[in-house]
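Below you'll find the structure, written out as structure tokens, and then a few comments.
Quick note: the coordinates plus some simple rules give every number you see, no bench work behind them. On a predicted model such as this, the values are computed, not experimentally measured, just so you know. Because the Cβ atoms are built from the backbone with ideal geometry, glycine has one as well, and the counts that use them run over all protein chains shown.
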Amino acid sequence: MQNEEGFTLLEMLLVMVVITILLLLIIPNVVTQRSSVQGKGCAAYVKSIEAQIQVYQLQHNKIPSLKELTDEKYITTDKCPNGESIHISDDGAVSIRAL
């Protein structure tokens, strides 16, 4: 008889089961981390907008609207990376409006 090298069906099934279990453990963690990063990204974007408001205020002696900030290229968008809307109050406070 010849010595044939290869994997048996049982070995292949075992490998597939192990891979499936690993994927079931990893995918929920990735989704959770992604939402966490998006939330932190929005907080960082709000801080950036607050800084741009101060720069605008120093140059123009008034508190800008979101439209003024985007029109004059102080910021690129009026939405967070996760899609939530940004609002600037009359006193210059920046807040997030949920979807």
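Taking 7 Å steps out from each Cα toward its Cβ at GLU11 and LEU25 produces label points 2.3 nm apart.
Sorting SER65, SER36 by the number of Cβ atoms found within 10 Å of their own Cβ, with the fewest placed first, yields SER36, SER65.
Rounded to the nearest 10 degrees, the angle from helix 9-60 to the longest Cα principal axis of the chain is 10 degrees.
Sorted ascending by nearby beta carbons within 10 Å, beginning with the fewest, CYS42, CYS80 become CYS42, CYS80. Counting only aspartates and glutamates at least 8 places from LYS67 when in the same chain, those with an alpha carbon closer than 15 Å to its own are GLU50, ASP78, ASP90.
Converting the Cα gyration tensor eigenvalues of the chain into ellipsoid dimensions via √(5λ) gives semi-axes, longest first, of 55, 13, 9 Å.
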